[in-house]
Amino acid sequence: KKKKMRTRITKNLLKRTIRIPSSLKNGNINTIQQLQQRNIQRNYYKKMTTNRREIIKGAVGTPNGKKWIKINNTKNTIKNEMTIRKYVKTKQTTNNVLMIRPNNFTFNPQTAKDNEFQDEETYEKLGVDGVREGAKQHFDESVDILRKNGVNVLVLEGDVEKPFDSYSPDEIFPNNWISTHEDGTIVIYTMKSKMRAEEANRLPEVMQLFKQAELNIRNKIDLREKTDKILEGTGSYILDHESKTIYVALSQRSEPEAIWELIREHPLIDHAITFRSVSEHNQPFYHTNVMCSFGIDYSVICLDSIKDKDEKEAVIQALNKRNKGEHTLIDISFAQTEKGFCGNMLELKNGETGERLFVMSESSLGVNGFTDEQQAFFKKRGKILALPTSKIIEPIGGGSARCMIAEIFLDTEEQATKDWELSQ
């Protein structure tokens, strides 16, 4: 494969030249090469020594034959990326999530330019007050449903009402500007809409919320400081945690340069599989997570939206390797994607019982939702949780159940120590 792949030298990205597929010339990329291990290790070593990043508390010895450095007799840091990858326990699902109550929810004309799911007519019928009050009610009902099923929901109150030119109409969708990861990393993303970019100003409040929950943050990657290209969090990409691979439908909100910057910076993301995905009206889907979703042993995806045969085949082959080959591919139609929001679902778990929870819109169980056979697949493995997002949140914001939820993969010190001990 290496012999067949022709590469070219691109401009120096962040003072370091990276070899990438020649297909970048046409913006048609099926895969992004894994960075050379020696460069990854060198870069990671530099970050570790300069930031003195804490990995685990109280760990001593030389696991896997690699050297640990003791800090203040209790805190330890590791110098080799390969060791941290063996240590970190990757997981596809979690029972901890972040949600933001929508005090300013309304129609955003900036995002409507490339978001076909937004409906201005519905907004005009309901009016500003009707939209805001309805969104708050449906948000509270959604939080209640999750909590009753063993999901730990950290809720940040929406921003106080502001003038039109400075408000945050889409604050209900935090997963686009922040993500958290198993190694203690948080990532802040670049946003296309200026209104949406303002949402990241609430980072200090989110950090305080994590601190109160005793969650460990060991590293922060702020893509706003690295690039001016756009990548809108787990809306732009779907992460397969086990293979450390992200799947990205290229669009105005998911640009290749930002994807590579994320791979270069993130210890737990090695590869990207990119493709072009369009709606039934032949318009690019604004986010990948409206047409694709991953669970532990399945993938939901609208294959009809990927027009290029080679790209489609590459995606199918990669998906079928997920979960060590024990994987089910659930193909959904345009109607299920655009009207039922079936691609915008998320698997969580009950923190008390371990039961698998399949969180989706109530639209996903309607006329244009999952078929009886597809619903039976989920019911056999766990419990379906349908959130009330169809009447206001979907037509006004253009996003559904998954967009409202930012997963939290951060661990407490106690859990991190327990996981490390089990790994030994």
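One chain, two ends: residue 222 and residue 413. Fully extended at 0.36 nm per residue, the span grows by 66.4 nm beyond their Cα-Cα distance.
When 280, 394 are compared by accessible surface with a 1.4 Å probe, the order from highest to lowest is 280, 394. Of the chymotrypsin sites (Phe, Trp or Tyr not before Pro) found in the stretch 170-267, none is in coil by DSSP with at most 11 other Cβ atoms within 10 Å of its Cβ. Of all DSSP-defined beta bridges confined to the stretch 336-422, some 45% are antiparallel rather than parallel. If I take R0 = 41 Å and measure r between the Cβ atoms of residue 201 and residue 372 in this structure, what FRET efficiency does the formula 1/(1 + (r/R0)^6) give, to the nearest 0.05? Efficiency for this residue pair is about 0.35. Per-residue extension of 0.36 nm, minus the Cα-Cα distance of residue 91 and residue 141, leaves a gain of 15.3 nm for this segment.
The values are calculated or read from the model by the stated rules, or taken from the named source; none is laboratory data. Just so we're clear, the structure is a prediction, and the values are computed from it rather than from any experiment. Reconstructed Cβ throughout: ideal geometry from the backbone, glycine too, with neighbour counts over all protein chains shown. Surface accessibility is based on the protein's heavy atoms, side chains included, excluding ligands, DNA and RNA. Shrake-Rupley method; radii C 1.70, N 1.55, O 1.52, S 1.80 Å.
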